């Protein structure tokens, strides 16, 4: 096994020269260039493969000139030049870190998005117009009651068959249609005139999370986005025939992220297909007089029902669920009564404190998709579903409908 460590009898210059030649010339070093970055350029300089290879070529060229006596330079000059290179590299590293703050603008100007947008534009041209809804008379709602319908994790585009569940594109449509029927039934039963819809993300399966994800995909990320947003607009339009809608959608989730340049989760939070879906919903339904689309550009969606403050997100970035309401209330300087989140693929409520006349609760929202083979491996799971909650002016969350969509 090749010894990458500096030997006792080696100077720093000799050590670097050995690594450069044994990697580039003699091919004795098999590890990737990126793993040599800190060894050659100093601790904390974690450059990528391309950058390290480019710097190695420069160092080899310098060492070759010294070997051929084509330059007259002593050891101290070399060390000084090496120190200067280290300073230059550190400056470049700091520049890159600074540029990351504005990468959203830079990314849009690079060629990496051209293919995505071209495919997106070509596909969206095939979309048909949304049918005009036939509005039915609205119910007369109790002014001391409000209602929230919340759903998430439809993972549109995924296809699988597990022990307790089967999923494909047709089943997605069936489950949303079942949800529509369930909601209309509750609207009629409870005389609901106005409904808040809280969509908590991962509407599509995506294809940037991990390599194994590709095995269960039926269609690519662009087709997932196009087909789902076309369907959900029709679905919302149909529901608006029975009830007024205030629509909220979180702008960020984990599956819908694009993750360019091999980046990690949440490196580019703004590059998210949830935003494309929301923009299409907003544009296509702007003339529907019964639907109010509420745009939110922040990670968290904040709204108010009566005097109760509500915060919502997909949930993939929450580390401590028990303390979330306390921590987020301290952060925003707002006393939050309820927090809605998804991501866990099962429904639950957890009381974490007391309000004036209500319990402060964390509310987990189930998945339209339900459980999958991953859940089977862990021997956990939950039925596909959504949640509809009645709030009263006096006591907050009063009644919960656990809608199972099978």
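The values are calculated or read from the model by the stated rules, or taken from the named source; none is laboratory data. In this text the structure is predicted, and so the values were computed from the model without any measurement. Counting neighbours? That spans all protein chains shown, and the Cβs are built from the backbone with ideal geometry, glycine included.
A few comments on the model shown:
- Taking the criterion of being buried (at least 20 other Cβ atoms within 10 Å of the Cβ) and outside any helix (DSSP H, G or I), the only residue of segment 274-287 that qualifies is 285.
- Tally of residues being within 18 Å of residue 394 (Cα to Cα) and in a loop (DSSP other than H, G, I, E, B) across segment 330-368: 7
- Residues in segment 369-387 that are assigned to a helix (DSSP H, G or I) and in contact with a strand residue (DSSP E or B) (Cβ under 7 Å, 6 or more places away or on another chain): 373 only.
- Residue satisfying all of: in segment 316-341; touching a helix residue (DSSP H, G or I) at 6+ places or on another chain (Cβ under 9 Å) and in contact (Cβ under 8 Å) with a residue 12 or more places away in the chain; surrounded by the fewest Cβ atoms within 10 Å (Cβ to Cβ) among these: 334
- Options 375, 386; residue that is under 21 Å from residue 313 (Cβ atoms), touching a residue at least 12 places away in the same chain (Cβ under 8 Å) and in the same structural domain as residue 232 (by TED's automatic domain parsing): 386
- From 36, 59, 13, residue being modelled with pLDDT under 90, under 14 Å from residue 89 (Cβ atoms) and either out of contact with any strand residue (DSSP E or B) (no Cβ under 7 Å at 6 or more places or on another chain) or outside any loop (DSSP other than H, G, I, E, B) (or both): 59
- Residue count for segment 13-55, restricted to those that are under 22 Å from residue 80 (Cα atoms) and loosely packed, with under 11 Cβ neighbours inside 10 Å: 2
- Any hit, segment 388-401, residues being within 20 Å of the chain's Cα centre (by Cα) and in a loop (DSSP other than H, G, I, E, B): no
- Breaking point among (1) at pLDDT 90 or above; (2) more than 17 Å from residue 87 (Cβ to Cβ); (3) surrounded by fewer than 18 Cβ atoms within 10 Å (Cβ to Cβ), for residue 1: (1)
- Residue in segment 169-191 that is modelled with the lowest pLDDT, counting only those that are farther than 24 Å from residue 341 by Cβ and in contact with a strand residue (DSSP E or B) (Cβ under 8 Å, 6 or more places away or on another chain): 169
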